[in-house]
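Enquirer: Just passing along the structure, written as structure tokens.
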Amino acid sequence: VVLDQVIAQHADLLSRGAIFIDATDAGEQPRLLVALSQEITDGHGRTADRAFAFTELLPDGTARNAGPAPYLDYRPATPAEAQAARALLEQSWLHDGGEAPALDWAIREALPEHLRQARDRLLPAVTRTRAQVEQRLKHEINYWHAQAGKLQQDLAAGKRVRHKPDKARNWAEELEHRRAKRLEELDKDASLHPRPPVVAGCALVVPVGWLAEALGATGPAPMRASDGYETDRRAIAAVLRAEKELGRIPEEMAHNNPGYDIRSLTPNGHLIHIEVKGRRAGAQDFYVSRNEVLVAKNRGDQHRLALVAVHPDGPEHDDLRYLIDAFADTEFGDLKTEGIVLNWQDAWTKGGAPL
């Protein structure tokens, strides 16, 4: 029931024709966010597992994984923004609604992963049950077959018996039938197969950089996520260097990875998740998405908010500070809030050397 409510909520948020604004993307490439409902059935024909998958379709026809709930980082378009974005709806790559490439992506990538996760979660329980059934019923079957032989010997010796040998054999045969039937049911429990995915909704996602260009203005500072590609790359590079100097093994995530930019393996085998924010000198604020805050809160002291001050004189002058568990006290009173804008200098003052 809870999953049905979640699916209904996803479908409502991603109604066809919706326009979302990505305040974290200063680029100019729009994409189509498509939500797909996936279902795994067992050999009984029952639904064993259900899930939602999200893909973003790009103008060049490629599709990429959008993460578990990407729309949480977006906000609805204002009337002026929606009016400007409607020009995109005339582009040829959006004419078919994106269903065909989205379904192709789901069949190639999302469904196999969903099936693997369902098998990893469900099959161990089936295996344990099978072992218990085999152990218990095999013991009882052997017992009653042995009893039938003993009763037969007692009768032949003229002894009085409580049960006839045939009755003991019948009990053993009935238990064998029960075992076979139960194992057949368990085989069906373990026979997991994906059903074809279904498109549940879609929305046009417009980056704030495209809007700034389309509206002929730079837009207010809080709308801007970063200072551009070069700033982002220098910030990521500075954090990767710092992590290596700390003796950790950092790995940069894909650009669209939800919630964090780098994960770093410590010498004792723990993972640190790092969200990187880079700004040029003079920046007043920076944007943190809802997903980024939630990941930070879930990771606690295993999360770092890395602030990188990108210097105009070159990378060798860039400065870096870390905040540990930066959003422990952050709460979203409004569930529709897609993110928060923070003062750069305040956050910088709270930060310290990489740790």
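The values are calculated or read from the model by the stated rules, or taken from the named source; none is laboratory data. What you see is a predicted model, and the numbers here were worked out from it, not measured in a lab. Don't worry about glycine lacking a Cβ; one is built from the backbone with ideal geometry, like all the others, and counts go over all protein chains shown. With ligands, DNA and RNA removed, areas are computed over all heavy atoms of the protein, side chains included. Shrake-Rupley method; radii C 1.70, N 1.55, O 1.52, S 1.80 Å.
Enquirer: Report the antiparallel proportion of the DSSP beta bridges in the stretch 233-355 as a percent, rounded to a multiple of 5.
Expert: Numbers: 20 of 28 bridges.
Restricted to the stretch 233-355, the bridges split so that about 70 percent are antiparallel.
Enquirer: Quick one: work out the % antiparallel among DSSP beta bridges in the chain, nearest 5. The partial results should precede the final answer.
Expert: Details: 44 of 57 bridges.
Bridges in the chain that DSSP calls antiparallel: roughly 75 percent.
Enquirer: If the chain between ARG64 and ASP104 were fully stretched, how many nm would it gain, using 0.36 nm times the residue separation less the Cα-Cα distance? Kindly include the intermediate steps, with their values, before the conclusion.
Expert: On the way: separation 40, 0.36 × 40 = 14.40 nm, distance 1.13 nm.
Contour length minus Cα-Cα distance gives 13.3 nm.
Enquirer: While we're looking at this one, here's another question. Can you find, among LEU192, ILE21, LEU32, the residue sitting farthest towards the positive end of the charge dipole of the chain, where Lys and Arg contribute +1 and Asp and Glu -1 at Cβ?
Expert: The residue sitting most towards the positive pole is LEU192.
Enquirer: Round to the nearest 0.05 the FRET efficiency obtained for LYS244 and HIS311 when R0 = 22 Å and r is the Cβ-Cβ distance.
Expert: Working: r = 21 Å, r/R0 = 0.93.
The calculated FRET efficiency here is 0.60.
Enquirer: State, to one decimal in nm, how far the label point of GLU184 lies from the label point of ALA254, with both points 7 Å from Cα in the Cβ direction.
Expert: So the two model labels end up 4.4 nm from each other.
Enquirer: Compute the relative contact order of the chain as a whole-number percentage, counting only Cα pairs closer than 8 Å that sit 6 or more residues apart in sequence.
Expert: Once normalised by length, the contact order is 21 percent.
Enquirer: Select from the chain the helices, each a whole stretch of DSSP H, whose alpha-carbon atoms run 15 Å or more along the helix axis and whose Kyte-Doolittle mean is at least 0.0; answer none if there are none.
Expert: Working: long enough: 2-13 (17 Å, 0.57); 111-156 (64 Å, -0.94); 165-190 (38 Å, -1.86); 229-245 (24 Å, -0.81).
Helices meeting the criterion: 2-13.
Enquirer: Using a Förster distance of 25 Å, how high is the FRET efficiency between GLU176 and ARG46, based on the Cβ-Cβ distance and rounded to 0.05?
Expert: 0.40
Enquirer: Place a point 7 Å from the Cα of GLU331 along the Cα-to-Cβ direction; which residues of the stretch 276-296 have their backbone N under 19 Å from it?
Expert: Under 19 Å, as judged by backbone N against the label point of GLU331, lie 290-291, 293-296 of the stretch 276-296.
Enquirer: Can you find, among PRO79, ALA242, GLN345, the residue farthest towards the positive end of the dipole of the chain? Put +1 on the C-beta of Lys and Arg, -1 on that of Asp and Glu.
Expert: Checked the options; the winner is ALA242.
Enquirer: Now a separate question. To the nearest 20 debye, what charge dipole does the chain have about its Cα centre, counting +1 at the Cβ of each Lys and Arg and -1 at the Cβ of each Asp and Glu? Before the final figure, lay out each step's value.
Expert: On the way: 45 positive and 53 negative charges, 533 e Å.
It works out to roughly 2560 debye.
Enquirer: Right, next: Where only protein heavy atoms count, and the probe is 1.4 Å, what is the accessible area per residue for the stretch 149-210 in Å²?
Expert: Values: 3950 Å² over 62 residues.
Here the per-residue accessible area is 64 Å².
Enquirer: Given 0.36 nm per residue, what is the gain on full extension from ARG136 to GLN117 after removing their alpha carbon distance, in nm? Provide the component values of the computation, followed by the final result.
Expert: On the way: separation 19, 0.36 × 19 = 6.84 nm, distance 2.99 nm.
Taking 0.36 nm per residue and subtracting the Cα distance, the gain is 3.9 nm.
Enquirer: What percent of all Cα-Cα pairs in the chain falls in each 20 Å bin, counting up from 0?
Expert: 23, 42, 19, 11, 4, 0
Enquirer: A follow-up question, please. Debye calculation, C-alpha points only, no solvent: report log10 I(q)/I(0) for the stretch 82-156 at q = 0.11, 0.13 Å⁻¹, in the same order as the q values.
Expert: Evaluating at q = 0.11, 0.13 Å⁻¹ gives log10 I(q)/I(0) of -0.63, -0.71.
Enquirer: With label points built 7 Å along Cα→Cβ from the Cα atoms of HIS95 and LYS167, find their separation and express it in nm.
Expert: 8.2
Enquirer: Right, something else. What 222 nm value per residue comes from the helices of the chain, counting each DSSP H run with n ≥ 4 as -39,500 (n - 2.57) and dividing by all residues, nearest 500 deg cm²/dmol?
Expert: -13000 deg cm²/dmol
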